[in-house]
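What follows is one structure encoded as structure tokens, with my remarks underneath.
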Amino acid sequence: MSYLASIFVLAVTTALINNMVLHYFVGICPFIGVSRKVDMAFGMGAAVTFVVSVAAALSWTMTYFVLSPGAPLTAWIWRMVNPSSTAVVDLSILNYIVYIFVIASAVQLVEMYVRKFFPALYKAFGVFLPLITTNCLILFVCLEIMKHIAGATGPDAWGLDKALIYAVFAGLGFMLAIVIMAGIREELDHCDVPKPLKGPGITLIIAGILALAFMGFTGMDNNLLKLMQKDAPAANENAVSQHQSPITDN
Amino acid sequence: MNKEGPTSLERFIGGILPENPIYRQILGMCPTLAVTNSMEGAMTMAGAVMFVLVCSNILISLIRHLLKPHLRILVFTLTIATFVTIADRFLAAYMYDMSKQLGPYIPLIIVNCVIIARCEICASKQGVFTAISDAVGQSLGFGLGLASIATVREILGFGTWFGQWLGWRVIPVTAPEHWSTWVVMILPPGAFITLGLLMGAVNWIAESRSRKVA
Amino acid sequence: MKNTYIGQAWLVILLSLSFGAALATVQSALNPKIEENRLQDTIGQIPNLVPGAASGDAETIGEHVVYRARDEQGEQVGWVLPASGQGFADKISLLVGVDKEVTRITGLYILDQKETPGLGNRIVEDDWRRQFVDRPLAKRLTLVKAAASAEDEIQGVTGATISSESVVGIVNAAVAQLRVDLSGQGSK
């Protein structure tokens, strides 16, 4: 399957079909907290996308070169210290700690950048910008990338390119969901919401209806794959890989 | 109330209902929605959160006088990440099926706002015993919240309660002619709607109570 | 200035070192058990997938990992193939048991799936998977919606055509791949 096709399917899958908020339930806290006004929501979505791309790039590098079993850098250092050992060095127990520090640094970087170049936006965000550190979405993206580095082979193993595409489109999917929610909530201000449900209650119910709507995207990636297969020149009927590609390629 | 803040008993009782992390503080939403489609998943998550919360609170409370203000978030994060790693490895070793089912949501306990909030509000300011009772109270409240949602979702969605561990059926297997399971309850939309409605219910109860007292 | 930075950071450094030591202990203590769990997931299923098999060993034939199912005397009685592919919602991983000559299927086990509960999820049910047992592999298996009439037809789960079709496709591909690998190796 062509490279561009696989990238495209990955992007669409991450942003729409497996939408981070509405399918994987990550990033709910800002989703409920910041979705009152569309411009704030858009700003939050953009900030999260920015942070998640930086964090994904850093965590991919750390995982690939240092942390996963048999990583190049660690193996090289180990061989310098202990030349005769054949043991496979596995630092993956430190994964979570490294990821959370990478995320905290990425948020710090973005905070400094926004404070320097967009001071009004910085004031508008207030406490929510440092709170992106505790946004489940970024850690979730790092964990997914980790799953596709350690012990994965073939199309399952993600290089830096696929990891970045995944991260960027995860952030964009989050931005889509939060902007839609903000648009709906702006309209809700004029409606008669029952008092017990005001605030988080009605937001969650609307999120449920949105999730129902987004469920309609399921299976789209299968059909996209089949569509792209048709464009590719017909290969040898006996070739096993051709039979396999609509099913086993990801 | 002594000059150091709420007593241990107040912390303990507070964590269960009045300051329930899910319904009143609106923290820790991500695992709440993700693991509550079965009681086993919910209880495993509650147990893991209790382990991490209690251990972190004890440790932070012991070193609270050594914490510098601008480094304390760093220390909290380091502590929580370590205990979550231990819990995750433990689950993978001794409850492998559960670990596969809960997947990436156990490591997400690291960014669970409940734990960092408790470290910040209670453990870094009060003694070890208060910190422990706060942790236990909050995790019981968290577990209670998870259980309430998981009960609704599992009974309506599967017809069982604790189906995987105990195999209790609430809706008999032969009932499908009269009742078919609400599959949507197991899926994401069901999670959102259940939590939203339950939150409304809790708010309504709290409202009517405060009106009766006032 | 520098003095105070190091002075303030000593706690973090001390904590990092002690946590690192604790994690290393946990890793060395629990890793064997976790590996065992992971293997048990696949190798533990072999007796259920090939009749008469007691154990299996992994082998790499032509870049794919397969398991030779052996009986108590160590004689090979069949093959167990791990395979995966895209289902309706996410990836489906499964194990297919075939007899030694790759002429019929002896078992099917779904390792991992995230299909719709109540619909696509039903591919894990015993009744549905039992359809695959004793199917001849002379022709590729096909999916039908009504009751299966021919030997190479599998009836899909009602309301979950795509999930059922994916499973049939994965099984076909795995068997075809085994045939290619074995003939390439020249051992068949």
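The values are calculated or read from the model by the stated rules, or taken from the named source; none is laboratory data. Keep in mind that what you see is a predicted model, and the values were worked out from it rather than measured. Note that we place each Cβ from the backbone using ideal geometry, even for glycine, and neighbour counts take in every protein chain shown.
Of note:
- Given (1) buried (at least 19 other Cβ atoms within 10 Å of the Cβ); (2) not in a helix (DSSP H, G or I), number of the condition residue A:100 does not satisfy: (2)
- Residue B:54 vs. criteria within 14 Å of chain C (Cβ to nearest Cβ), in a helix (DSSP H, G or I) and modelled with pLDDT of 90 or more: no
Yes or no, residue by residue, for (1) within 13 Å of another protein chain (Cβ to nearest Cβ); (2) aromatic (Phe, Trp, Tyr); (3) within 18 Å of residue C:93 (Cα to Cα):
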| position | (1), (2), (3) |
| --- | --- |
| C:129 | no, no, yes |
| C:140 | yes, no, no |
| C:146 | no, no, no |
| C:150 | no, no, no |
| C:155 | no, no, no |
| C:160 | yes, no, yes |
| C:163 | yes, no, yes |
| C:180 | yes, no, no |
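- The residues on offer are B:75, B:54, B:49, and the sole one that is closer than 27 Å to residue B:192 by Cβ, in contact with a helix residue (DSSP H, G or I) (Cβ under 8 Å, 6 or more places away or on another chain), surrounded by 18 or more Cβ atoms within 10 Å (Cβ to Cβ) and of a type outside the set (S, T, N, Q) is B:49.
- Matching entry among C:61, C:105 (being in contact with a Leu (Cβ under 7 Å, 6 or more places away or on another chain) and surrounded by fewer than 19 Cβ atoms within 10 Å (Cβ to Cβ)): C:61
Yes/no per residue for (1) aromatic (Phe, Trp, Tyr); (2) farther than 17 Å from residue B:108 by Cβ:
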residue: A:8; (1), (2): yes, yes
residue: A:12; (1), (2): no, yes
residue: A:24; (1), (2): yes, no
residue: A:29; (1), (2): no, no
residue: A:33; (1), (2): no, yes
residue: A:52; (1), (2): no, no
residue: A:58; (1), (2): no, yes
residue: A:61; (1), (2): no, yes
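- The stretch A:59-97: number of residues that are farther than 21 Å from residue B:80 by Cα and part of a helix (DSSP H, G or I): 15
- Every listed requirement among (1) without any contact (Cβ under 8 Å) to a residue 12 or more places away in the chain; (2) more than 29 Å from residue A:197 (Cα to Cα); (3) touching an Asp or Glu at 6+ places or on another chain (Cβ under 9 Å) is met by residue B:169 save one, (3).
- Residue A:141 being modelled with pLDDT of 90 or more, surrounded by fewer than 20 Cβ atoms within 10 Å (Cβ to Cβ) and in a helix (DSSP H, G or I): no
- Within the stretch C:30-58, the set of residues being within 14 Å of chain B (Cβ to nearest Cβ), buried (at least 17 other Cβ atoms within 10 Å of the Cβ) and in contact with a helix residue (DSSP H, G or I) (Cβ under 7 Å, 6 or more places away or on another chain) comprises C:30, C:34, C:37.
- Odd one out for residue A:224 among (1) in a helix (DSSP H, G or I); (2) at pLDDT below 75: (2)
- None of C:77, C:133 is part of a loop (DSSP other than H, G, I, E, B) and more than 14 Å from chain A (Cβ to nearest Cβ) except C:133.
- Of all the listed residues (A:161, A:156), the sole one being surrounded by fewer than 21 Cβ atoms within 10 Å (Cβ to Cβ), more than 14 Å from chain B (Cβ to nearest Cβ), modelled with pLDDT under 85 and more than 9 Å from the chain's Cα centre (by Cα) is A:156.
- Verdict on residue B:159 being among the small types (Gly, Ala, Ser) and either under 30 Å from residue B:97 (Cα atoms) or under 18 Å from the mean Cα position of the chain (by Cα) (or both): yes
- Within the set C:76, C:86, C:27, the sole residue that is polar (S, T, N, Q), farther than 26 Å from residue A:98 by Cβ, surrounded by 13 or more Cβ atoms within 10 Å (Cβ to Cβ) and over 18 Å from the mean Cα position of the chain (by Cα) turns out to be C:76.
- Residue match in the stretch A:114-127 (condition: at pLDDT 90 or above and part of a helix (DSSP H, G or I)): yes
- Listed by first and then second residue, the pairs with beta-carbon distance under 7 Å, at least 6 apart or on different chains, first residue in the stretch C:166-185 and farther than 13 Å from residue C:66 by Cα, second modelled with pLDDT under 85 and basic (Lys, Arg), are C:172/C:140.
- When the helices (runs of 4 or more DSSP H) confined to the stretch B:94-199 are screened for residues that are away from chain A (no Cβ under 12 Å), surrounded by fewer than 17 Cβ atoms within 10 Å (Cβ to Cβ) and in contact with a Ser or Thr (Cβ under 9 Å, 6 or more places away or on another chain), those reaching at least 2 such residues are found at B:128-157.
- Every test in (1) under 18 Å from residue B:42 (Cβ atoms); (2) polar (S, T, N, Q); (3) in contact (Cβ under 8 Å) with a residue 40 or more places away in the chain is passed by residue B:160 save one, and that test is (3).
- Residue list for the stretch A:6-39, restricted to those being more than 12 Å from chain B (Cβ to nearest Cβ) and within 18 Å of residue A:134 (Cβ to Cβ): A:34, A:35
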